[in-house]
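These notes concern the structure reproduced below.
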């Protein structure tokens, strides 16, 4: 075979391979959750107004068996002694009103619940998500995040090879930022539902910590002092982050700041929980700047370092996670960026009551 014939044959082979590759690319199935990709509507929303929240967990307290919703479970495992329960064999999509009430109570008691094998729940789509969330409270519309088109009540987190719509700080040495969702609202969320529609092969886990347990680790005299304090929670930095052109560049509702107690009481269980977080708490009311910064830094470091009070959720397809935003904090782990894989999550965020001070009679000033 001559050199010319050899070159010709190689060229023909490469062409055939390219054609087959092109055919393969054309046959790639479309992304099944394309209808849930982030959309950034320029629509503006008025300030949120106060409302009366009735926690469904109260109804479950009257049930003869508050754990009846778990009767079909094939496996129930406590992730840690202080926080988190993993459940197999229970179909969230099949829970009736009583089952959802019982779920709310158990999430309040355990802080975090992880349900595996929830493909039916996830694949029912956004109308079902809204119906589910409204059972637990008024649905929150996030002021800056992306949402599926026509469904602003569904908060999305999203990152792929070309874009990121997460609240990430590139100038930090860590992606870990403990927070309680939108704690700057007058009535922050209670029971929260979150799941991934697409996930990296490895990485992208979520960390949770019990703010009940972090409080219990502190000395009684220090807790007594903390119970007398309140702090400002602010949405200003998050809004500025979006206005800088990141996260979609949208601010649908002007940022707010509200004062909440440093130690709050859960309305159903009566448990007391630390209620500050590194992402949204800015200062302690009534203290000098240095005093406030010193106490907040101590509390943030306490939350960061208390690995014995934390649980780590490793995502699997079909996993739905519920947590009580009043008594837990959490952080995404952004360790999968170099893989260029997609991480696409949806959150349903019902609001709850205005945080109840653990110290009866504590006055919460307006800003």
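Of 209, 28, how do they rank once you tally other Cβ atoms within 10 Å and put the fewest first? Please report the intermediate quantities before stating the final value.
Details: 209 27, 28 7.
Lowest to highest Cβ neighbour count: 28, 209.
Using Cβ contacts closer than 10 Å as the measure, can you line up 159, 71, 314 from fewest to most?
Values: 159 22, 71 10, 314 13.
Least to most surrounded, the residues fall as 71, 314, 159.
When a footprinting reagent is the concern and you count Cβ atoms within 10 Å, what order do 106, 291 take, fewest first?
Working: 106 21, 291 12.
The fewest-first ordering by Cβ neighbours comes to 291, 106.
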How far, in nm, would the chain grow between residue 305 and residue 31 when pulled straight, counting 0.36 nm per residue and subtracting the alpha carbon separation? 94.8 nm
Most fluctuating of 150, 181, 55 in the GNM of the chain (C-alpha, under 10 Å) is 150
Rounding to the nearest 10 and keeping the result within 0 to 90°, find how far the Cα-based axis of helix 3-27 lies from the longest principal axis of the chain. 40 degrees
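Only bridges whose two residues both fall in the chain count here: according to DSSP, what percent of them are antiparallel, nearest 5? Walk me through the numbers before you get to the answer.
Working: 51 of 54 bridges.
Expressed as a percentage, antiparallel bridges in the chain total about 95.
Suppose only helical runs count, i.e. DSSP H with n ≥ 4. What mean residue ellipticity at 222 nm does that imply for the chain under -39500 (n - 2.57) per run, divided by all residues and rounded to the nearest 500 deg cm²/dmol?
Numbers: 9 runs with 95 residues, N = 367.
When only DSSP H runs of four or more count, the value is -7500 deg cm²/dmol.
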Tail fraction, Cα-Cα pairs, the range 61-357, threshold 23 Å, whole percent: 55 percent
So how far, in whole Å, is the C-alpha centre of the range 238-263 from the one of the range 43-65? 23 Å
Label point at residue 98 placed 7 Å out along Cα→Cβ; residues across the range 47-65 whose backbone nitrogen lies under 20 Å: 55-65
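Any read-out appearing in this document is the output of simple, stated calculations on the displayed coordinates, not a laboratory observation. In this text the structure is predicted, and so the values were computed from the model without any measurement. Neighbour counts are summed over all protein chains in view; Cβ atoms, including those assigned to glycine, are modelled from backbone coordinates with ideal geometry.
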